[in-house]
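Student: Take this structure first; my questions come after.
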Amino acid sequence: MSTVTRSTRAAVDVEEIQTTKSEKLLAVVLAIFLLIGVVWTYQKLDDWAARTVAPVQVELSPADQAAIARSTTANQRLAAAQTDALAAQSDMELKREAYRTALDAGQPANDLEREYKAAQEELVRAQDAAGAAQADVEATRPAAAAAYQRQQQQLQTKTDHHEFIAFLLRLGLLFGLLGFGYWLMGRLRRTHSRYFPVALAVAGSAGVLALVMAADYVTDYVDPVALGPLVLAIVGIGLTLVAFAALQRYLARRVPIRRVRKHECPFCGYPVGPNDHCEGCGRQVVAECASCAEPRRVGTLHCGACGRA
């Protein structure tokens, strides 16, 4: 009797045993912690790709480096020359006002006149130096602009490559987690395990990660992964539908057996008594056994008379 009881209990389907509130709570907690770890990994994949697989580093050629250096030096000389010119302008204006004040007051102004003329000459020299520095800047600007443009192009190319590699790594993480969750669901369901909520937690965390990734790439990227969210949605929908179809096939095999155990019609679930036909759908629920021709309930795994399948 005990052996029969243990074997009967072992054959009970997962759906026949109601999941307790404690198990549901633990599954939710597990999903939250799984999601925390998965999101952390999702973020770190970008950093890892930048350091190892697709580093974003630009190396300029010696010619471009020299062009940028010449342009930088010319701009520094221009800034210094403009500062000297402003100082010379201010000094000239001060000396001019002093000279005019002395003339208006009828005072001797020979020294002030010489200082004024010297300030004018200094201003002319400073302005000439600023003009020459401006000419140097204009001369070095085309080569420096071309070097900067090539630098930006290289940077954009490397950035796009890095983003694409990071996208593939994140997509692999998502599909790996989603596939593992669905595989675990099928595995635990086939073994009638009470740990089935663990598989639901894994699949649930993968679903939330899919939403996070879709929102991330919809708001941040247009090219080269413009179709990333669409591909993600299509693949996720496909995998989910496959899992749903597998679940329906499993239920189609197991539901009639569970109904027979509960003395219900295997077709519609209506309670049946000693009648040969269901009072709910009218179908025959008792038929002859193909092996011994004795009456046998439709949907049972073995005949009660001969034991044949």
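The values are calculated or read from the model by the stated rules, or taken from the named source; none is laboratory data. The structure displayed is predicted, hence computed values, not measured ones. Here Cβ is always computed from backbone atoms with ideal geometry, including for glycine, and neighbour counts include all displayed protein chains. We work out accessible area using only protein heavy atoms, side chains counted, and drop any ligands, DNA or RNA first. Shrake-Rupley method; radii C 1.70, N 1.55, O 1.52, S 1.80 Å.
Student: Is segment 211-225 home to any residue that is in contact (Cβ under 8 Å) with a residue 60 or more places away in the chain, surrounded by 15 or more Cβ atoms within 10 Å (Cβ to Cβ), part of a helix (DSSP H, G or I) and among the charged types (D, E, K, R)?
Tutor: Within segment 211-225 (the criterion being in contact (Cβ under 8 Å) with a residue 60 or more places away in the chain, surrounded by 15 or more Cβ atoms within 10 Å (Cβ to Cβ), part of a helix (DSSP H, G or I) and among the charged types (D, E, K, R)), the answer is no, since none of the residues qualifies.
Student: Something else: Please count how many residues of segment 172-192 are surrounded by fewer than 18 Cβ atoms within 10 Å (Cβ to Cβ) and assigned to a helix (DSSP H, G or I).
Tutor: 10
Student: Right, next: Scan segment 22-47 for residues that are in contact (Cβ under 8 Å) with a residue 24 or more places away in the chain and under 30 Å from Q154 (Cα atoms) and jot them down.
Tutor: Once the filter is applied, which keeps residues that are in contact (Cβ under 8 Å) with a residue 24 or more places away in the chain and under 30 Å from Q154 (Cα atoms), segment 22-47 yields T41, Y42, L45, D46.
Student: Could you count how many residues in segment 283-305 are open to solvent by 70 Å² or more (accessible area, probe 1.4 Å), under 17 Å from R253 (Cα atoms) and of a type in the set (A, V, I, L, M, F, W, C)?
Tutor: 1
Student: Just one of (1) under 56 Å from the mean Cα position of the chain (by Cα); (2) open to solvent by 60 Å² or more (accessible area, probe 1.4 Å) trips up D276, so point out which.
Tutor: D276 satisfies every listed condition except (1).
Student: Restricting to segment 244-298, count the residues that are assigned to a strand (DSSP E or B) and aliphatic (A, V, I, L, M).
Tutor: So the answer is 2.
Student: Does P108 satisfy the criteria of being out of contact with any His (no Cβ under 7 Å at 6 or more places or on another chain), free of Cβ contacts under 8 Å to residues at least 24 places away in the same chain and either surrounded by 13 or more Cβ atoms within 10 Å (Cβ to Cβ) or closer than 27 Å to A69 by Cβ (or both)?
Tutor: Here the answer is no, as P108 does not meet what is asked.
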